[in-house]
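The values are calculated or read from the model by the stated rules, or taken from the named source; none is laboratory data. Source: prediction; values computed, not measured. Every residue, glycine as well, gets a Cβ built from its backbone with ideal geometry; the counts of neighbours run over all protein chains shown. Only protein heavy atoms, including side chains, enter the accessible area calculation; ligands, DNA and RNA are left aside. Shrake-Rupley method; radii C 1.70, N 1.55, O 1.52, S 1.80 Å.
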Amino acid sequence: AANRFISDLRNDCGLIGERGHRIYGFIHQTLEEYLAAKGLCYLSDTDTEPILAEMLNNQMLARDIWRETALLTVGHLSVIQRVPGRAAQLVEKFLRVELTGDARGLNVVRAGEALRDVGLKGVNDAAWKATLTALQATMVDPTLLSATRRDAGIALGELGWLPEDLDAMVPVPAGRF
C-alpha cells in the first residue's frame with residue numbers, strides 16, 4: 001500500500017513531486033506556505049501569542065521567504081476561521097515587534113500587506129487605524145531602508161490612504177534643471 005501511494009504521488013497527484021530518491025516535496029510553494037500558516041493558526045484556539053512566538057522564532061516578519069506564510073496566517077484567522085478579532089490581535093502584535101538592522105520596519109509593512117489581503121472587515125477599526133498610523137510613520141522614517149519606506153507607501157496606497165496635502169502646490173524656484 002505504501003509503495004502504491006508513493007507511485008500515485010509520483011505519477012498522478014500533481015501536488016507532490018519527487019525531489020530525489022525517496023525524497024518528495026510540494027510542487028507549488030504556495031500550498032506549502034498555506035499549510036505552514038494553517039499549522040501556526042492551530043497553535044492556540046484563543047491566544048495569538050504562541051503564533052507570534054513561533055513566527056518570531058523563525059524570523060517570519062523579517063525574512064522575505066516567510067512573507068506569504070505570515071500573510072496567509074492572518075488571512076486564515078480572518079477568512080477561514082472567521083475570527084477577525086484574533087486576526088486583528090495578531091496584526092496589532094506585528095506592529096509592536098521590534099526588528100533590528102535592515103529588517104526594521106518590515107513588521108509594519110507585513111501588517112499593512114495583511115490588511116490589504118483581508119480588508120477592514122477582516123480585522124477591526126482599531127487594528128486598521130493603528131496599522132495606517134504605523135505605515136505612515138514607517139514611510140517617512142529616514143533611518144529605515146528606502147525599500148522598506150517604499151513598501152510602506154505602497155501598502156498605504158493599496159489600503160486607500162491618501163495624504164491630506166496631496167494636492168498642495170509645491171514651490172519650485174526658477175533655475176536650470
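Looking at Gly122, Gly157, Gly105, which one is farther than 21 Å from Leu52 by Cβ and within 17 Å of the chain's Cα centre (by Cα)? It would help to see each step written out before you state the result.
On the way: Gly122 fails: farther than 21 Å from Leu52 by Cβ; Gly105 fails: farther than 21 Å from Leu52 by Cβ.
None of the other options fit; the residue is Gly157.
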Legend entry - the range 118-177, subset closer than 21 Å to Leu90 by Cα and assigned to a loop (DSSP other than H, G, I, E, B), residue most open to solvent (accessible area, probe 1.4 Å): Asn124
Inset, instruction - Of the numbered conditions (1) surrounded by fewer than 17 Cβ atoms within 10 Å (Cβ to Cβ); (2) modelled with pLDDT of 95 or more; (3) not in a helix (DSSP H, G or I), Leu56 fails exactly one; give the number of that condition. - result: (3)
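Of all residues being in contact with a Leu (Cβ under 8 Å, 6 or more places away or on another chain), open to solvent by 30 Å² or more (accessible area, probe 1.4 Å) and in a loop (DSSP other than H, G, I, E, B) in the range 97-117, which is nearest to Asn57 (Cα to Cα)? Just the residue, please. Quick ask: steps written out before the conclusion?
Of the range 97-117, the ones in contact with a Leu (Cβ under 8 Å, 6 or more places away or on another chain) are 97, 99, 102-117.
Those still in the list that are open to solvent by 30 Å² or more (accessible area, probe 1.4 Å) too: 99, 102, 104, 116-117.
Then keep just the ones that are in a loop (DSSP other than H, G, I, E, B); that gives 99, 104.
Working: Leu99: 12, Arg104: 16 Å.
Among residues in the range 97-117 that are in contact with a Leu (Cβ under 8 Å, 6 or more places away or on another chain), open to solvent by 30 Å² or more (accessible area, probe 1.4 Å) and in a loop (DSSP other than H, G, I, E, B), the one nearest to Asn57 (Cα to Cα) is Leu99.
In the range 19-31, which residues are of a type in the set (A, V, I, L, M, F, W, C) and either under 25 Å from Ile80 (Cα atoms) or in contact (Cβ under 8 Å) with a residue 60 or more places away in the chain (or both)?
Within the range 19-31, Phe26, Ile27, Leu31 meet the criteria.
For (1) assigned to a helix (DSSP H, G or I); (2) at positive phi; (3) in contact (Cβ under 8 Å) with a residue 40 or more places away in the chain; (4) open to solvent by less than 50 Å² (accessible area, probe 1.4 Å), each residue gets a yes or a no:
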position: Asn3; (1), (2), (3), (4): yes, no, no, no
position: Leu9; (1), (2), (3), (4): yes, no, no, yes
position: Gly17; (1), (2), (3), (4): no, no, no, yes
position: Glu33; (1), (2), (3), (4): yes, no, no, yes
position: Ala37; (1), (2), (3), (4): yes, no, no, yes
position: Leu40; (1), (2), (3), (4): yes, no, no, yes
position: Val74; (1), (2), (3), (4): yes, no, yes, yes
position: Leu90; (1), (2), (3), (4): yes, no, yes, yes
position: Leu95; (1), (2), (3), (4): yes, no, no, yes
